Amino acid sequence: MFANFLEYLRAGSPASIGVISVAIMLLFGFALTRITKLLKLPNVTAYIITGILIGPYCLNLVPEIVTSYTSFLPDVALAFIAFSTGQFFRLNALKGNGAKVLIITVLEACVASVFVFIAAYYILGMDLAFSTVLAALASATAPASTMMTIRQTGAHGDFVNTLLQVVALDDVVGLIAYSIAISIALASSASGSGFEFKNVILPIIINFASVIIGAILGVVLKMLLFPKRSTDNRLIISVAVLFGFVGICEILGVSPLLGCMFMSTVYINITDDDKLFKQLNTFSPPFLLLFFVRSGVNFDLGALTRANNDGGTSLLMLGVVYFIVRILGKYAGAFWGCLITHKNKLVRNYLGLALIPQAGVAIGLAELGARTLGGTTGNALRTVILASSVLYELIGPACAKLSLALSHSYDKDAVDEKVLPPKDEDKIIVNLLIERIREIQRELPEHTQAVPVEAAPNVKHTMNKHLHSNNANYH
């Protein structure tokens, strides 16, 4: 019966195939998050596993034509991710501790990239284009699981503040590294064994032009989204501008990530309007779900056991090496960065543990890189990043919680999810007092005539007596 349904689905019109496939991706993706939520895992893990399950290697529910027709999803999803990243770069917030955080972020990202490049190119013998892009992707970090762990534990202090600032800047470094790496990769592929200077500089100039266009569109958004604009129209205009910019970048042959990030950075600094970001965050989840599920559908399980083009290392071995070497690079880079900036010992020793997770941006960049490089090289890039991202998201929250505990950022004995935080407890006390006042008011006799002036003190005395009695009983 199930096989008959699949045959009936594939025999339908392109419209019905597309709509039903999207519904399957959304429903299955949501359903699996119910399981990962119980396991304290991020939704991204559920989405990737969903794609693998409904993909060609398991249930085969999504026809190949659907994935080919939705090739625009990585660009759109990453445009939303990059745009939401820019809101954290308020100039007034970066002036205080910005220099130290920038040094730590650049070192932890770049050292991880250098470690991965050495392992892939010099030790495992992968080609220059693949090694360069893979190394750039190693710099990216997924902040979602780390931030979730911080909220669950109620951690605070210098370690947490440094961690949050580093993961916010980390994606910027990753986007810049990818833009440079893909330019080098294309240049080296075009010119055979090496690359020409002009083939590297021209793509970088085009990327810089896309950044300028994005910054200009940030000003345009300010002019279009004036305060009296309705909420619905604000959403329509902002999505139209984002989609239009993605199309322009596609024509130029560059990634829209940096431009979208600078667009939102300019917008937030000249308007101080965070309502737009909240609105887009409620609009984008279906696009992000479809993107990650589609990435799982494209995941080539068979490629893990196949050797690379040179007949050497299998992708399974490459994935294991990448998984371990990136962790070592992140830890070493964070340690050296904290050492240079004179961070205290606890931050220096344990910050790297909290930077292990990798998902959203890295997966999106891997999709773009796979499409740009094409062939077996692109497929290998996607396979390694997807496989390692699942593992990173499985161990990432545990490592983040361990780093928070070792850095004494929260009291392990005091954390209890059943205990309400002080602010919520204060709200309950106030609400109880208000409700008691209302009960006292209902108990007072109704008066058809105005209360005489001389009787007012007695009424006031009676109410005060009730209130003091209630407070004594409560405490």
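Does region 336-357 hold any residues that are in contact with a helix residue (DSSP H, G or I) (Cβ under 8 Å, 6 or more places away or on another chain), of a type in the set (D, E, K, R) and either in a helix (DSSP H, G or I) or at pLDDT below 85 (or both), and which are they?
Taking region 336-357 first, the residues in contact with a helix residue (DSSP H, G or I) (Cβ under 8 Å, 6 or more places away or on another chain) are 336-341, 343-344, 346-357.
Then keep just the ones that are of a type in the set (D, E, K, R); that gives 343, 348.
Hit for region 336-357 is R348, nothing else.
Within region 35-49, take every residue that is in a loop (DSSP other than H, G, I, E, B) and open to solvent by 70 Å² or more (accessible area, probe 1.4 Å) and give me the one that is modelled with the lowest pLDDT.
Applying the first criterion (in a loop (DSSP other than H, G, I, E, B)) to region 35-49 yields 39-42.
Right, trim to open to solvent by 70 Å² or more (accessible area, probe 1.4 Å) and you get 39-40.
Numbers: L39: 78, K40: 70.
Among them, the one singled out is K40.
What number of residues within region 267-287 are in a helix (DSSP H, G or I) and within 13 Å of L225 (Cβ to Cβ)?
Of the residues in that region, 9 qualify.
Residue check: is L394 at negative phi, modelled with pLDDT of 80 or more and surrounded by 14 or more Cβ atoms within 10 Å (Cβ to Cβ)? Don't jump to the end; show me each part of the working.
Details: at negative phi: yes; modelled with pLDDT of 80 or more: no; surrounded by 14 or more Cβ atoms within 10 Å (Cβ to Cβ): yes.
Against the criterion (at negative phi, modelled with pLDDT of 80 or more and surrounded by 14 or more Cβ atoms within 10 Å (Cβ to Cβ)), L394 does not qualify.
Would a scan of region 92-104 turn up a residue that is part of a helix (DSSP H, G or I), among the basic types (K, R) and modelled with pLDDT under 85? Give the derivation first.
Kept after step one, since they are part of a helix (DSSP H, G or I), are these residues of region 92-104: 92-104.
Still in the running and among the basic types (K, R): 95, 100.
Cutting the leftovers down to modelled with pLDDT under 85 gives us 95, 100.
Yes, region 92-104 has at least one match.
Name every residue in region 50-67 that is closer than 21 Å to S388 by Cα and not in a loop (DSSP other than H, G, I, E, B), in order of residue number.
Taking region 50-67 first, the residues closer than 21 Å to S388 by Cα are 50-58.
Answer for region 50-67, where residues must be closer than 21 Å to S388 by Cα and not in a loop (DSSP other than H, G, I, E, B): T50, G51, I52, L53, I54.
As an exercise: evaluate S139 against (1) modelled with pLDDT of 85 or more; (2) open to solvent by 20 Å² or more (accessible area, probe 1.4 Å); (3) within 24 Å of C338 (Cα to Cα) and give the number of the one condition it does not meet.
(2)
In this structure, is I54 modelled with pLDDT of 85 or more, of a type in the set (A, V, I, L, M, F, W, C) and open to solvent by less than 10 Å² (accessible area, probe 1.4 Å)? If you could, list the steps in order and put the result at the bottom.
Working: modelled with pLDDT of 85 or more: yes; of a type in the set (A, V, I, L, M, F, W, C): yes; open to solvent by less than 10 Å² (accessible area, probe 1.4 Å): yes.
Yes: the conditions hold for I54.
Tell me which residues, restricted to region 194-228, are of a type outside the set (A, V, I, L, M), open to solvent by 60 Å² or more (accessible area, probe 1.4 Å) and either more than 15 Å from V239 (Cα to Cα) or at pLDDT below 80 (or both). Walk me through how you get there before you give the answer.
Of the residues in region 194-228, the ones of a type outside the set (A, V, I, L, M) are 194-199, 203, 207-208, 210, 214, 218, 222, 226-228.
Next cut, open to solvent by 60 Å² or more (accessible area, probe 1.4 Å) only: 195-198, 208, 222, 226-228.
Those that are of a type outside the set (A, V, I, L, M), open to solvent by 60 Å² or more (accessible area, probe 1.4 Å) and either more than 15 Å from V239 (Cα to Cα) or at pLDDT below 80 (or both): F195, E196, F197, K198, F208, F226, P227, K228.
Inside region 231-264, can you point out the residues that are open to solvent by 60 Å² or more (accessible area, probe 1.4 Å) and under 21 Å from the mean Cα position of the chain (by Cα)?
F243, F262
From A387, A366, A370, A398, which residue is free of Cβ contacts under 8 Å to residues at least 12 places away in the same chain and aliphatic (A, V, I, L, M)? Reasoning before the result, please.
Numbers: A387 fails: free of Cβ contacts under 8 Å to residues at least 12 places away in the same chain; A366 fails: free of Cβ contacts under 8 Å to residues at least 12 places away in the same chain; A370 fails: free of Cβ contacts under 8 Å to residues at least 12 places away in the same chain.
Residue meeting the stated conditions: A398.
Going by the conditions given, is G360 over 19 Å from F117 (Cβ atoms), at pLDDT below 80 and open to solvent by less than 30 Å² (accessible area, probe 1.4 Å)?
yes
Would you check which residues across region 57-70 are surrounded by fewer than 21 Cβ atoms within 10 Å (Cβ to Cβ) and over 17 Å from S284 (Cα atoms) and list them? Please lay out each step first, then the result.
Going through region 57-70, the residues surrounded by fewer than 21 Cβ atoms within 10 Å (Cβ to Cβ) turn out to be 57-61, 63-70.
Of everything in region 57-70, those that are surrounded by fewer than 21 Cβ atoms within 10 Å (Cβ to Cβ) and over 17 Å from S284 (Cα atoms) turn out to be Y57, C58, L59, N60, L61, P63, E64, I65, V66, T67, S68, Y69.
Within region 25-34, how many residues are touching a helix residue (DSSP H, G or I) at 6+ places or on another chain (Cβ under 7 Å) and either on the phi > 0 side of the Ramachandran plot or open to solvent by 30 Å² or more (accessible area, probe 1.4 Å) (or both)?
Let us first name the residues in region 25-34 that are touching a helix residue (DSSP H, G or I) at 6+ places or on another chain (Cβ under 7 Å), namely 25-26, 28-29, 32-33.
Keeping just the survivors that are either on the phi > 0 side of the Ramachandran plot or open to solvent by 30 Å² or more (accessible area, probe 1.4 Å) (or both) gives 26, 28, 32.
Of the residues in region 25-34, 3 are touching a helix residue (DSSP H, G or I) at 6+ places or on another chain (Cβ under 7 Å) and either on the phi > 0 side of the Ramachandran plot or open to solvent by 30 Å² or more (accessible area, probe 1.4 Å) (or both).
The values are calculated or read from the model by the stated rules, or taken from the named source; none is laboratory data. Everything numeric in this text was worked out from a predicted model, so none of it was measured. Ideal geometry is used to build each Cβ from the backbone, glycine not excepted, and the neighbour counts take in all protein chains shown. Side chains are part of the model used for accessible areas, which takes the heavy atoms of the whole protein and leaves out ligands, DNA and RNA. Shrake-Rupley method; radii C 1.70, N 1.55, O 1.52, S 1.80 Å.
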